[in-house]
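S.K.: Please read through the structure below; I'll follow up with questions.
The values are calculated or read from the model by the stated rules, or taken from the named source; none is laboratory data. Given the structure is predicted, the values throughout are model-derived calculations rather than measurements. No Cβ is skipped: glycine too gets one built from the backbone with ideal geometry, and neighbour counts run over all protein chains shown. To get the accessible areas, we keep the full protein, side chains included, count just its heavy atoms, and leave off ligands, DNA and RNA. Shrake-Rupley method; radii C 1.70, N 1.55, O 1.52, S 1.80 Å.
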Amino acid sequence: GYERIVAKVFTEEKQLRITTDIEMGKEYAELFSKIYKRKLNKNFFKYMNTDSLLGYMAWSLDTKTYLEEFPKLLESAYGNIGLGVNADELSLAGEGISLLLDEKATSAMKESIPDFTMMFSSEENTLIKKLISYGIKKETVKMNGVFYELSIPKSPFQLFFMQKNGIFFFTNSLPEMQKIAGNSYQAKFSKKQIKELRTGNFTAFMHPQKIGTTLSSSGMEITEDFTKMINTFNKMGTVYIRTMPVKGSNLSAEMKM
């Protein structure tokens, strides 16, 4: 589905910058234009504080269109190289999810998993209410004030969720959920970052120095490679990646570090 890809690397005084431009075929261009017609929900910025974050990732897309077109995307991507998508691939995906919930596979990570919060634009609907009722009946979901706690057998951490202001919140941090639920969350986001998030389809931002500090204090085994990685992180500034909306048949992306 791609006609041409052009990538450029710029080595500037204190920054490495990579840009890519992808020219797509007509069918792919129309498909991605439909999928990426959404803009990020501006209410998300009420619950983000860049001072306390290791990083963030935002993805703006029309979920309904994406789910409708996903089988066609898979078949187009893998069918062309003789890899049809069938039950075997779906089985592998299922095993991957099972691995994430397996106690033995995750036991080594119990102390070093960072706090995370996920937000989805979502209107409250009958399906969500039915899922919550089902979870309460099966004793995997319990009410905790105005939000819910999700208990997954053999999971190494607690999970909390709630619906508020047209947003579905999902986090492993109880203090974070309590602040959101109690209207006491202190947001901090620059106008420049908001503009970039609202104009791009996909944005990722990381603080390698903060990540290095967190890993150093996580109790992980100190090896030579681990030390080299931490030293590299400590020398780096921020890392920034984003893709822009489809224009005509072109999709562009940029990475700065």
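S.K.: Using a 1.4 Å probe, how large is the accessible area of residue 69, given in Å² and rounded to the nearest 10?
M.R.: We get 20 Å² for residue 69.
S.K.: Testing the spin-label approximation: label points 7 Å from Cα along Cα→Cβ at residue 65 and residue 255. State their distance in nm.
M.R.: Inter-label distance under the simple model: 2.7 nm.
S.K.: Mind listing the long-range amide H neighbours of residue 151? Cut-off is under 5 Å, sequence gap 5 or more, other chains count too, H placed in the peptide plane at 1.01 Å from N.
M.R.: Hits under the 5 Å cutoff: 141, 142.
S.K.: Let me ask another. Need the list of lysines near residue 154 for cross-linking: C-alpha distance under 28 angstrom, and skip anything on the same chain fewer than eight residues off.
M.R.: Leaving aside lysines fewer than 8 places away in the same chain, those within reach of residue 154 are 104, 110, 129, 130, 137, 138, 142, 179.
S.K.: Taking Rh as the Kirkwood radius computed over C-alpha pairs, what is the Stokes-Einstein D of region 132-250 at 37 °C in a medium of viscosity 0.692 mPa s, expressed in µm² per second?
M.R.: Values: Rh = 18.2 Å.
Diffusion coefficient, whole number: 180 µm²/s.
S.K.: Give me the percent of accessible area attributable to carbon and sulfur for region 198-246, probe 1.4 angstrom. Provide the component values of the computation, followed by the final result.
M.R.: Details: 1700 of 2840 Å².
Heavy-atom surface of region 198-246 belonging to carbon and sulfur, 1.4 Å probe: 60 percent.
S.K.: Another question about this same structure. I'd like the accessible area for residue 146: 1.4 Å probe, protein heavy atoms, all chains in place, Å² to the nearest 10.
M.R.: 90
S.K.: Return the long-range amide H neighbours of residue 49 (sequence gap of 5 or more, or a different chain), with a cut-off of under 5 Å between placed amide H atoms.
M.R.: 188
S.K.: Now a separate question. Short version: ³J(HN,Hα) in whole Hz for each residue of region 245-256, in order, from phi by Karplus 6.51 cos²θ - 1.76 cosθ + 1.60 (θ = phi - 60°), x for Gly and Pro, what are they?
M.R.: With the stated coefficients, region 245-256 comes to x, 5, 10, x, 10, 10, 10, 10, 9, 8, 10, 10 Hz.
S.K.: Among 42/164; 34/247; 192/256; 46/191; 34/191; 8/256, which pairs are too far apart, with a Cα-Cα distance over 18 Å? The partial results should precede the final answer.
M.R.: Values: 42/164 14 Å; 34/247 12 Å; 192/256 15 Å; 46/191 13 Å; 34/191 27 Å; 8/256 12 Å.
As for pairs spanning more than 18 Å Cα to Cα, those are 34/191.
S.K.: Next up: What are the principal axis extents of the Cα atoms in region 152-207, in Å, biggest first?
M.R.: Between the extreme Cα coordinates on each principal axis of region 152-207 lie 40, 26, 24 Å.
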